[in-house]
Amino acid sequence: MGTLSRRQFLRTSGVVFAATLAPSALSSRPAGAADKELIPKKLPFPPNDEFGSYEPTITPDGNTIYFARFAGGGDKRVLGTTTDIFVTHRVRTSGEWPGTGADWTPPERLPDTVNSDSIDQEPRIMPDGKTLYFMSRRAGGRGPAGIWVTTKQPDGQWTPAQNLGPNVNSEHVNHCFMPVGLPGEDNTSVFLSLRPRADGTPSTGDIYTTRMDYGAWQPARRYESKLLDSIGFKCRLNAVSRDGLVLGVVSIHDFGKFHRMLLVHYDAASKEWKGPIVDVPFNQPNVDGACPMFTAAGDKMIWSAGYDRGPGPISTAAGTGSTYDLFCLALAALVATAGGAAAHAVLQRAEPRVESRLKRPPDEVKLYFSERVEPAYSSVRVVNERGEQVDRRDSRVDRANPALLRATLPALAPGTYKVLWRVLSIDADVTEGTFTFRIE
């Protein structure tokens with residue numbers, strides 16, 4: 001991984017934010033200076049093929065990729081109508097990674113000691129190259145979905161998969177068991193769990209952490225973060241760190257919609273996740289593309305998406321989805337910049353939460369930015385599905401908090417609403433963006 005200074009990282013946040021939300025509004029930076037580098041690269045065929053690949057994980061040497069495959073893709077090796085875990089190997093390693101299709105083996109299904117007749121997906125290979133964690137809905141766990149582990153033996157055989165037990169798995173859905181990615185936390189993992197925060201309360205989708213101590217995963221704890229808690233429909237958190245700088249990728253999956261990715265970053269000084277919350281520029285509104293993994297060296301991100309295949313069936317909790325290809329992107333293209341970008345006022349959190357679903361209509365929209373915004377040139381409005389403005393047209397910067405933009409709302413009917421904002425920061429840079437929320 002290339003070395004990035006803190007200043008470069010903060011500049012990067014501004015560039016990616018600008019490329020995503022307001023390229024035409026930022027005359028202070030050359031148009032397209034960083035955008036051309038943010039183009040996902042499709043891996044060759046193989047490891048891609050006509051049946052599709054989903055949720056990849058890659059060994060430290062970059063020469064083995066494990067991934068999930070939907071039965072709906074047409075591969076008859078997938079049992080029933082579920083998902084199974086497959087593997088492909090790079091057997092010719094002399095050239096530049098990822099090489100050509102001639103360098104990779106055709107994908108093979110892992111044996112029945114790993115796969116079952118239920119849903120098996122979300123693989124994660126450990127740095128040792130032989131310990132594989134994954135999510136399974138098979139019988140024998142504590143809840144409807146849990147984290148399991150298997151180990152590759154010296155003879156190439158895999159041990160029968162074992163459930164991680166009650167320290168990690170609850171009686172609810174538990175999935176996406178990933179490295180936390182923070183400096184000095186190599187033995188800590190994060191995962192998503194739909195468990196109640198307290199006895200007698202409804203289940204909520206939260207991030208949990210567990211630490212490997214003395215060969216055993218310790219009791220999981222809810223990972224408290226105001227920023228991450230403000231993001232609705234999280235399905236995965238991935239992070240990569242270097243010299244105290246941490247880039248986070250949050251995958252969003254509102255079932256009934258498509259996956260997409262958001263970028264955040266971790267501030268080592270305050271030990272908190274920070275904004276801006278940024279849509280990656282290559283998100284597509286009607287195409288799945290998320291659930292990435294970083295290489296152990298932190299130099300590449302690999303994920304699956306249907307960018308070249310167009311809209312298709314939406315991936316669901318039932319193990320169904322469209323056909324996806326494997327893509328990669330150099331980390332330098334994601335977090336480095338051509339330079340010259342200034343800091344901007346960026347959205348750090350919102351009330352209602354970005355992409356949230358609400359049981360009750362909100363009384364107000366509140367947008368919290370990273371710095372002061374100019375009241376005379378900053379505004380927010382809310383429109384309905386027909387594009388009609390529905391707020392009370394009283395957009396204003398809060399007098400007590402000049403980084404807070406707000407507008408009041410009438411009693412809104414059920415439906416989807418879009419929040420559109422545009423702000424001028426104190427350094428005279430204009431940024432703008434949108435997000436939606438839904439009232440049920």
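For this structure, a couple of remarks:
- When each of LYS226/LYS359; LYS76/LYS359; LYS76/LYS418; LYS152/LYS271 is checked by Cα-Cα distance, pairs over 31 Å: LYS76/LYS359; LYS76/LYS418; LYS152/LYS271
- Whether the range 35-335 is rounded, prolate or oblate, judged on the alpha carbon gyration tensor where a/c under 1.5 counts as rounded: rounded
- All-pairs Cα distance distribution in the range 60-99, expressed in whole percent, bin size 5 Å: 6, 21, 23, 14, 12, 14, 8, 2
- With the simple spin-label model, which puts each label point 7 Å out from Cα in the Cβ direction, the TYR214 to GLU171 separation comes to 2.8 nm.
- Neighbourhood net charge (10 Å Cβ-Cβ; Lys/Arg +1, Asp/Glu -1) for SER322: 0
- Full extension of the chain between ARG386 and LYS42 gives 120.1 nm of extra length, using 0.36 nm per residue less the Cα-Cα distance.
- The range 35-335, dipole about Cα centre (Lys/Arg Cβ +1, Asp/Glu Cβ -1), debye to the nearest 20: 320
- Neighbourhood net charge (9 Å Cβ-Cβ; Lys/Arg +1, Asp/Glu -1) for ARG90: -1
- For a straight C-alpha distance cut-off of 12 angstrom, the aspartates and glutamates reachable from LYS41 (same-chain residues fewer than eight places away being disregarded) are ASP308, ASP325.
- Judged by the mean number of other Cβ atoms found within 10 Å, the most tightly packed of the peptides 158-167, 145-154 leads the ranking 145-154, 158-167.
- Highest average first, the peptides 75-84, 285-294, 191-200 ordered by how many other beta carbon atoms sit within 10 Å of their residues are 285-294, 75-84, 191-200.
- Normalised radius of gyration (Cα atoms, divided by 2.2 N^0.38 Å) for the range 344-439: 1.02.
- Take the Cα of GLN284, go 7 Å toward its beta carbon, and the backbone nitrogen atoms of the range 47-64 under 18 Å from that spot belong to 48-56.
- When each of the peptides 206-218, 114-126 is scored by how many other beta carbons lie within 10 Å of its residues on average, the order from highest to lowest is 114-126, 206-218.
- Efficiency of FRET from Cβ geometry, ASP308 and ARG109, R₀ 22 Å, rounded to 0.05: 0.35
- At q = 0.15 Å⁻¹ the log10 of I(q)/I(0) for the range 49-163 amounts to -0.64, computed by Debye summation with a single uniform scatterer per C-alpha, solvent ignored.
Only the coordinates and a few stated rules stand behind these numbers; no lab work does. From a predicted model like this one, the values you see are computed outputs, not experimental measurements. Cβ: placed from backbone, ideal geometry, glycine included. Neighbour counts: every protein chain shown.
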